[in-house]
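The values are calculated or read from the model by the stated rules, or taken from the named source; none is laboratory data. This one's a predicted model, so the numbers in the text were calculated from it and none came from an experiment. All Cβ positions, even for glycine, are placed from backbone atoms using ideal geometry, and neighbour counts span all protein chains on display. Areas reflect the complete protein model, heavy atoms only, side chains present, ligands, DNA and RNA absent. Shrake-Rupley method; radii C 1.70, N 1.55, O 1.52, S 1.80 Å.
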Amino acid sequence: METDVLIIGAGPAGLTAAVETASRGLDVTIVEESLSMGGQLIQQTQVLGSLPSFYQPKRGFELAQRLRKLVEDTSVRCLLGHRVIGFYKDGSVGISDEANVFPLKAKKIIVATGAAEKAIAFPKWTLPGIMTIGAAQTLLNRDFVLPGKHAVIIGTSDFAMDVALQLSEGGVQVKAMVEKSQTVLARDTEKVNQVSKMGIPVHVNSSIKEARGIGRVEEIDIEQREQIMTIPLDTVCVDGGRSPILDVFYQLECSFGYQRELGGWIPQYNPFFRTDREDVFLAGNAAGVSSQGVLLVTGIIAGINASESLGALSKEEAEIKTTSLWKEIETLETKLDPDVWNARIRHVQNYEHPVLTDQFIS
Amino acid sequence: MDTNYETIIIGGGVLGSSIAYHLSDCKKDRILVLDQKFPLAGTSGSTQAWIWVHNKTPSWYAEFNMYSAELFPYLAKKIGDVEYKQTGGLSPFFNEADREKALQLAKAYKEIGIKIKVLSREEALEKEPSLNPNVAGATYSSIDGNVNPFRLVDRYMRAAKKNGVQYSTFNKVTEIQKLHDKFIVVSEKGTFVCKNLILAGGTWSRELGKLVDINIPVNQVRGQILVTEPLKPFLNYTISGVRQTFNGEVLIGYSMEKEGFNRATTLDLIQETANMAVHYIPGLRKAKVVRAFSGIRAMPEDGLPILGSIPGIDRLYVAATHSGMTLSPLIGTLMSELILDGETSVPIDRYSISRFDSLVR
Amino acid sequence: MDKTTIICRCEEISYEEIEDVISIGARRFDDVKRLTRCGMGPCQSKICSSLVAEIIHDKTGLPFPEIPLPRMRMPISPIKIGTLTTNSTTFSSVKSVLDEVELEDGKVK
Amino acid sequence: MHIKHHPILGEQLQKQVTIYFKDEPYTAYEQQSVAAALLANDIKQLGVSRNLVQPRGMFCSRGRCCSCYMTVNGEDHVRTCMTKVVDGMKIYPNDGDPQVRSESHGD
């Protein structure tokens, strides 16, 4: 199988990249491990406030529907239920649908594999009933299953606030949110107020000491200023933050740099969202963890520049568009957290000086 | 950290660590091991780790391997459990030409006292029922087995440290000088002085040799290996190409590529190795592969170990070989004897670096 | 964190075991992995690698950019051997040990 | 518990199916993952860990942690957070390493 552009991942960034490339007449293939398009947007029921100026505020799943529709209007080939397992010597991508493995030769690859939630370890965190906040949200909004009746959330990011509210509205009693820092991490004060209105107690300067239970989590100890508080419950949702998913880049022998604010190690890339491999672009959380709005813009930039590299768009036009889209990222990212924006600028400036290279040399 | 040592060993892999341990166990103190990275980061940490004797040629080299394999039970008693298991080794074959080879091999080994049995199809399947029923036969030897390579190096290292050996890791050697009866070893983290210097750089031996203007003809050969997730124990023997670990994983592969120091894996070879897996053990079809890894083997130009003193430079020694896991207890012992007594209990003249023509660069 | 807290869910490697190998000089995830089996299970360190980096950072003071990523490998997620055998019939680089036994005049050299 | 009426998405659970866990029938709905459907029936423990034999359940729900491994329709170590329910599906907990048998012994 051959294609002009292979897009790995059908989340928001992958889908916008697909629209950008396919609408310019290129032959585009998307590979997506799950059976549906939209990535993590599918289970986001909250309204996404900070979207690029050319979008209206929407709930996450509505945005996913819209992107899906845009992609369906093009001739993009969607390999749902397929995953990339590796690469051949000649550069072909090895794709599997579980029954078969087959090579796909792509002129350009856009990697949009997203980010993964990080864990928090504490005694007995392996008990059933203890899961990531993303898992709890998936149960609630994608599988339509209540994760439990009584929950505690470890962490206070914006995402944790969203999930706390959604769990409450769904009928789960959120008994507490636990934060080890001195203050709540969420930047969206409106959401923090909503959580407080719902009567969810937020404990700062606190950490989870241990979980207990037979066969499943039944209670946890929270430690606050040497005081122990025991909370009976059936669900613990941990928010360890997110980091980019890098396996594909690693196999492609891309270089990496480290930016804490963007999720830690990320592939090195230039202003065109191209990695240090001529034929590999990237987009979305894989290029640094950010807000939904920014992810869409990065997908557009990667799509435009992949198109340009295949002659589907003039260099001048691509540059003009890229510059104005970077302005859009700046607006969105500075509003969200100026540190994230500064880290991104630093990262792009480091393009010639990646920290981690030649990872397969003995 | 001290700068003055009796002996410095460059390379903390299975050979370097074994030499350090054996030397320190003979009450030799002031030993330093220098490693450019961390023990197990190279070849020793990326191997199937068969303890393998049979099908090695020439037969005197097989004999050398046998002596080493025989040391393992004793070694484990001294340095701790290294998950060594003398399972017996099985090399299946699928055609009559290979049977002829196998019979010749058995004949040649008989003369040196290594017992190899050439099994019929039925005998092979009786020993290892999960083998492909289309197998034509197998060679079998009870000497062979396997070891946990991580444990082995870890135990050598810990035992050596207990004996007072010092390790300096993430410390690459950049320069070596000989001054009177001393070596000056310059590294990234400082300069050390020693009386005896042992080069145990494995795949990097050629590079180390350049620092003393000696040609150590060791090349790199890449092997890619598949690892399954842990499976209930089902393999009785160490099969050349497939073996099951203590932990239950099955390691599969016997490939050789010349790719220098490039440790990448390729889907081409992963798929070939998967074919080999089901060709040997059809039941593996359902097992899941969790990882493919790639190891760079140290391959001396003629395939045989390079051991002993380096002519022309007093108290400079080299130990570089393929099959380091199997040979480590013996080489560790012999190199210690050589340094302490000037002679070895098993002759190693055959393995001298002087057998190569172009010794000096 | 308790010493017995599990860090690697797959191989059930504890905080204490990781602490021990850091004390003998391990400074990278892969060093910890080879000495403890942490990250060798089915998830291939997808969950524990960031936890281990934090422990290395806490114990040694090494800044995060100096704690490299674990070496990642194919297959990117577990896959059945039977699936891998599809669309591949070649057998060129994979050998058997008997291939290496050379005969001279019908005898082993 | 299945969410019959979701506060924002409304009534989404349409097509009911029956799945079997340890040969007992349970109700699930199409599009649910196996792990989620079991959780809806208050089955949280999906298996045990291989060394310490401790209970394990769904953790990441993204197919990464392998904590939700189960035996589904005869196949061992299926990531149940990534597998959708199918009517009549037979599910068993992950209680040990998979067994490999020779094909000559029947498969």
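Give the shape of chain B as rounded, prolate or oblate, defined through the alpha-carbon gyration tensor: a ≥ b ≥ c are the square roots of its eigenvalues, a/c under 1.5 means rounded, and otherwise the shape is prolate if a/b is larger than b/c and oblate if not. Prolate, since a/c reaches 1.5 and a/b exceeds b/c. For a paramagnetic label modelled on A:Glu219 (point 7 Å from Cα along Cα→Cβ), amide N atoms under 18 Å away belong, within region A:140-161, to A:149-153.
Here the label points at A:Ser53 and C:Asp105, each 7 Å from Cα along the C-beta direction, are separated by 9.0 nm in the simple model.
Close amide-amide hydrogen proximity is noted between A:Ile95 and A:Ile85, A:Phe102, A:Leu104, each under 5 Å apart and 5 or more residues distant or on a separate chain (H modeled in the peptide plane; Pro and chain starts excluded). Per the accessible-area calculation with a 1.4 Å probe, the total area buried between chain B and chain D rounds to 1300 Å².
Element breakdown for region B:1-67 at a 1.4 angstrom probe: carbon and sulfur atoms account for 47% of the accessible area.
Using the Cα gyration tensor of region A:1-157, with a ≥ b ≥ c the square roots of its eigenvalues, what is the shape: rounded (a/c below 1.5), prolate (a/b larger than b/c) or oblate (neither)? Here region A:1-157 falls in the oblate category. Comparing each chain alone with all protein chains together (probe 1.4 Å, DNA, RNA and ligands left out), the residues of region A:104-121 losing at least 20 Å² of accessible area are A:Ala116, A:Glu117, A:Lys118, A:Ala119, A:Ala121.
Taking amide H atoms as placed 1.01 Å from N in the peptide plane, the amide H of A:Ile110 lies under 5 Å from those of A:Leu6, A:Ile7, A:Ile8, A:Phe281, each 5 or more residues away in sequence or on another chain.
Spacing of the modelled spin labels on A:Asn270 and D:Asp95, each 7 Å from Cα toward Cβ, amounts to 5.9 nm.
Is region B:89-141 rounded, prolate or oblate when judged by the Cα gyration tensor, a ≥ b ≥ c being the square roots of its eigenvalues, rounded requiring a/c under 1.5 and prolate requiring a/b larger than b/c? Oblate, since a/c reaches 1.5 and b/c is not below a/b. Loop-located chymotrypsin sites (Phe, Trp or Tyr not before Pro) in region B:205-290 (DSSP state other than H, G, I, E, B) with a sparse environment of at most 16 neighbouring Cβ atoms within 10 Å: B:Phe246, B:Phe261.
For A:Asp239, neighbours were defined as the other residues whose beta-carbon sits under 15 Å from its Cβ, and their charges (Lys and Arg +1, Asp and Glu -1) total +1. Stretched out straight at 0.36 nm per residue, the stretch from A:Ile345 to A:Glu319 would grow longer than its current Cα-Cα span by 7.6 nm.
For the residue pairs A:Lys69/A:Lys118; B:Lys37/B:Lys78; B:Lys37/B:Lys210; A:Lys149/A:Lys175; A:Lys107/C:Lys80; B:Lys258/C:Lys95, alpha carbon separations beyond 21 Å are given by A:Lys69/A:Lys118; B:Lys37/B:Lys78; A:Lys107/C:Lys80. Taking a sphere under 11 Å around the Cβ of A:Gln224 and counting the other residues whose Cβ falls inside, with K and R at +1 and D and E at -1, yields a net charge of -1.
Accessible area of D:Asp42 (1.4 Å probe, protein heavy atoms only, ligands and nucleic acids ignored): about 90 Å². Each part gets one Cα centre, and for region A:152-188 versus region B:63-79 those centres are 59 Å apart.
Carbon-plus-sulfur accessible fraction, chain A (probe radius 1.4 Å, protein heavy atoms only): 48%. Of the residues A:Gly293, A:Ala312, A:Leu356, the one whose Cα sits farthest towards the positive end of the charge dipole of region A:281-362 is A:Gly293 (charges of +1 on Lys and Arg Cβ, -1 on Asp and Glu Cβ, taken about the Cα centre).
Solvent exposure of the protein assembly as shown, expressed per residue, is 38 Å² of accessible area, with all protein chains present and a 1.4 angstrom probe. Region C:17-70 and region B:296-357 have Cα centres spaced 35 Å apart. Taking the Cα-to-Cβ direction at B:Arg158 and at B:Leu103 and moving 7 Å from each Cα, how far apart do the two end points lie in nm? Taking the simple label geometry, B:Arg158 and B:Leu103 are separated by 5.0 nm. Contact residues in region B:10-48 (at least 10 Å² less accessible area with all protein chains than alone, 1.4 Å probe): B:Lys37, B:Phe38, B:Leu40, B:Ala41. Reducing region B:205-241 and region A:291-362 to their Cα centroids gives an inter-centroid distance of 41 Å.
Charged neighbours of A:Val84, selected by a Cβ distance under 12 Å, balance to -3 (K, R count +1; D, E count -1).
Dipole orientation for the protein assembly as shown: of the candidates B:Val82, C:Met74, A:Tyr88, B:Val82 has the Cα lying most toward the positive pole (charges on Cβ; Lys, Arg +1; Asp, Glu -1). Each of C:Ile18, C:Gly41, C:Leu51 was scored by the projection of its Cα onto the charge dipole of region C:6-66, and the greatest displacement toward the positive side belongs to C:Gly41; charges sit on the C-beta of Lys, Arg, Asp and Glu. For the chain pair B and C, buried accessible area totals roughly 4900 Å², probe 1.4 Å, rounded to the nearest 100.
Close Lys pairs in region B:89-141 (alpha-carbon distance under 13 Å; sequence gap of 8 or more, or different chains): 4. When +1 charges are put on Lys and Arg Cβ atoms and -1 charges on Asp and Glu Cβ atoms, the dipole computed for region C:6-66 relative to its Cα centre reaches about 240 debye. A drop of at least 40 square angstrom in accessible area, chain alone versus all protein chains together, probe 1.4 Å. Which residues of region A:122-144 meet that? Correct list: A:Pro123, A:Trp125, A:Thr126, A:Pro128, A:Leu139, A:Arg142, A:Asp143, A:Phe144. Each Lys and Arg adds +1 at its Cβ and each Asp and Glu adds -1 at its Cβ; summed about the Cα centre, region C:25-109 shows a dipole of about 340 debye. Accessible surface for B:Trp60 stands near 70 Å², nearest 10, in the context of the full protein assembly shown (1.4 Å probe).
Chains C and A together bury roughly 2700 Å² of accessible surface, counting both sides and using a 1.4 Å probe on protein heavy atoms. Taking the Cα centre of the protein assembly as shown as origin and assigning +1 to Lys and Arg Cβ atoms and -1 to Asp and Glu Cβ atoms, the resulting dipole is close to 700 debye.
For chain A, a Gaussian network of Cα nodes joined below 10 Å ranks A:Ile154, A:Ile329, A:Ile231 by mean-square fluctuation, and the top entry is A:Ile231.
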